[in-house]
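The values are calculated or read from the model by the stated rules, or taken from the named source; none is laboratory data. Keep in mind the model is a prediction, meaning the values are calculated, not measured. Cβ atoms come from the backbone with ideal geometry, glycine included; neighbour counts cover every protein chain shown.
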Amino acid sequence: MTFYKTLLKHIRHWPANWHRTGPLALSHKLNPCRGLLTDGSAARPRITENSVEVFSHVYPRDDMTNVTDKILSKVGCQLHNRPHHPLWLIKERIKDHFYRSYIGRTGNPLFSVHDNLSPVVTVEQNFDSLLIPPEHPSRKKGDNYYLNRTHMLRAHTSAHQKELVRSGLDRFLLAGDVYRRDEIDSNHYPVFHQMEGVRLFSNHELFARVENGEELSLFESGGRRTPQKQETHTLEAVKLVEFDLKQALTRLMRHLFGEDLEIRWVDCYFPFTHPSFEMEVRFQGDWLEVLGCGVMEQELVCSAGAGNKMGWAFGLGLERLAMVLFGIPDIRLFWSEDERFLKQFRLSDIYQPVIFQPLSKYPPLFNDISFWLPAEGYTENDFYDLVRSIGGDLVEKVTLVDEFTHPNLLQSCLHTACTIKKESRLTLVLSLESTVTKRVSHCYRVTYRHMERTLTQEEVRIIHGAIEQAAEKELGAQGRY
Ligand code: PHE
């Protein structure tokens, strides 16, 4: 499995009975935030014909540019920094656990917390710094939001690992909004939040508690890479780091979910850690993946200027944890401005237990849209983005309900061709063959639902009509409406 699939899984694989959590309604009064700068001043991201402007920086557009106004309107919202927001609440519980569990000699917390780093990163930070090869599928334009060839909205908080290690930090937590192009439903939103943790060890730190540990070493030369370890690491060092990592994360999850939580470890692959693991927790009878982690690739640690140390890193999805912990049934609720939602998390103490009480649910309206795909360059995510840009959060879900490749078109055209003059036949057949053979049509079902009232078909028709028009104009689709 590619690491990016894993990344998606942070919010993807839901227990089969997830929807049984109860009826829900979403607020359409969505967060009106407009990309606040860290100093609080408004800086509305702008897309013009030639450039994209975010946080007062102008990025020239090029063939990789695919951010939309809708997505840029989320940049700077920083839900994880809004006091009493459920994502803030879970971040605070994690911070508090680390602050209290790792204390220095003078009572100082050992982990520093960074939650204000810009989500605009370089492609180098998001991929190259993490040893992700140039042709790796996770770089696909269809899966990421690029400002241009060199800059993008970070797809994971790991994008900052190298710079923070380079700045001299040995232990840190990092929370932030991350951006992924994806389908639309109650478990997927193109913006979500992650928390990253990194801990580095010097030789002394790792082996100090081991009897005769002074003789042990983090590194060996001439070693081989095996499923257990990297070539430069000793097996003793890896096993201790791996133990420390798993113990730290087990304690964190028990802290969040209680001592009875069942946990299991699954081997996996990330280009920037080896060995790598996913943690799964048992939730309502199913195993649910909650985080990815591993022993940091030494090449990364060395390139960040900490070559005499080795370490672990983990990344977890805050939405997923919050949904499980608080029983929040729909990921779009995190963007709600509805008091009925927000007030449930306004607690006097971050550890006060809270179970989300679902808001009453208004009925959905379904509208289908079918079109012929353009000959090339179409990805489903283009359509999902377009629907989201126009329909906003009134769109609850978009599903591909039918895919159809025209079987008879060529034949019927050939038939027509046979009825015309012999001389023109060949050219016509050849040109028809190249244009009509693989004509594919998609039919999508768009589910509309207002969070606070019953929608009428008349008002939905207007939005749906605008989507139909935009699919033709912007995606080059040919409507079958
Ligand atoms: N960045 C990975 C993801 O988003 C998670 C991860 C972080 C894995 C750190 C290993 C180490 O899926």
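Here is a list of conditions, (1) surrounded by fewer than 18 Cβ atoms within 10 Å (Cβ to Cβ); (2) assigned to a loop (DSSP other than H, G, I, E, B); (3) touching a residue at least 12 places away in the same chain (Cβ under 8 Å), and residue 342 meets all of them except one; can you say which number that is?
Looking at each condition in turn, residue 342 falls short on (2).
Residues of region 264-298 being within 13 Å of the ligand (Cβ to nearest atom) and in a loop (DSSP other than H, G, I, E, B), which ones?
Within region 264-298, 271, 272, 297 qualify.
I'm trying to understand the selection: among the residues of region 179-214, which are out of contact with any helix residue (DSSP H, G or I) (no Cβ under 9 Å at 6 or more places or on another chain), more than 18 Å from residue 101 (Cα to Cα) and either within 13 Å of the ligand (Cβ to nearest atom) or among the charged types (D, E, K, R) (or both)?
211
Look through region 351-382, keep the residues that are touching a strand residue (DSSP E or B) at 6+ places or on another chain (Cβ under 7 Å) and assigned to a loop (DSSP other than H, G, I, E, B), and return whichever of them is surrounded by the most Cβ atoms within 10 Å (Cβ to Cβ).
Within region 351-382, the match that is surrounded by the most Cβ atoms within 10 Å (Cβ to Cβ) is 373.
Restricting attention to region 160-178, and to residues there that are in contact with a Leu (Cβ under 9 Å, 6 or more places away or on another chain) and closer than 16 Å to residue 78 by Cβ, which single residue is nearest to the ligand (Cβ to nearest atom)? Write out each step before concluding.
First pass over region 160-178, keeping only residues in contact with a Leu (Cβ under 9 Å, 6 or more places away or on another chain): 160-165, 169-172, 174-178.
Checking which are closer than 16 Å to residue 78 by Cβ leaves us with 160, 174-178.
On the way: 160: 11, 174: 10, 175: 13, 176: 11, 177: 13, 178: 7 Å.
That would be 178.
Yes or no: residue 411 modelled with pLDDT of 90 or more, out of contact with any strand residue (DSSP E or B) (no Cβ under 9 Å at 6 or more places or on another chain) and exposed (fewer than 14 other Cβ atoms within 10 Å of the Cβ)? Walk me through how you get there before you give the answer.
Values: modelled with pLDDT of 90 or more: no; out of contact with any strand residue (DSSP E or B) (no Cβ under 9 Å at 6 or more places or on another chain): yes; exposed (fewer than 14 other Cβ atoms within 10 Å of the Cβ): yes.
No: the conditions fail for residue 411.
Give the residues of region 342-351 that are hydrophobic (A, V, I, L, M, F, W, C) and either at pLDDT below 90 or more than 15 Å from residue 451 (Cβ to Cβ) (or both), sorted by residue number.
Hits for region 342-351 are 345, 347, 350.
Name every residue in region 172-229 that is free of Cβ contacts under 8 Å to residues at least 12 places away in the same chain and polar (S, T, N, Q), in order of residue number.
Correct list: 212, 221, 226.
Are any residues in region 299-326 under 18 Å from the mean Cα position of the chain (by Cα) and within 11 Å of the ligand (Cβ to nearest atom), and if so, which ones? Before the answer, list the steps.
Initially, region 299-326 is screened for residues under 18 Å from the mean Cα position of the chain (by Cα), giving 313-324.
Within region 299-326, 313, 314, 315, 316, 317 meet the criteria.
Condition check ((1) over 22 Å from residue 349 (Cα atoms); (2) among the small types (Gly, Ala, Ser); (3) in contact (Cβ under 8 Å) with a residue 40 or more places away in the chain; (4) in contact with a Ser or Thr (Cβ under 6 Å, 6 or more places away or on another chain)) across all residues:
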position: 70; (1), (2), (3), (4): yes, no, yes, yes
position: 76; (1), (2), (3), (4): yes, yes, yes, no
position: 84; (1), (2), (3), (4): no, no, yes, no
position: 95; (1), (2), (3), (4): no, no, yes, no
position: 100; (1), (2), (3), (4): no, no, no, no
position: 109; (1), (2), (3), (4): no, no, no, no
position: 115; (1), (2), (3), (4): no, no, yes, no
position: 137; (1), (2), (3), (4): yes, no, yes, yes
position: 147; (1), (2), (3), (4): yes, no, yes, no
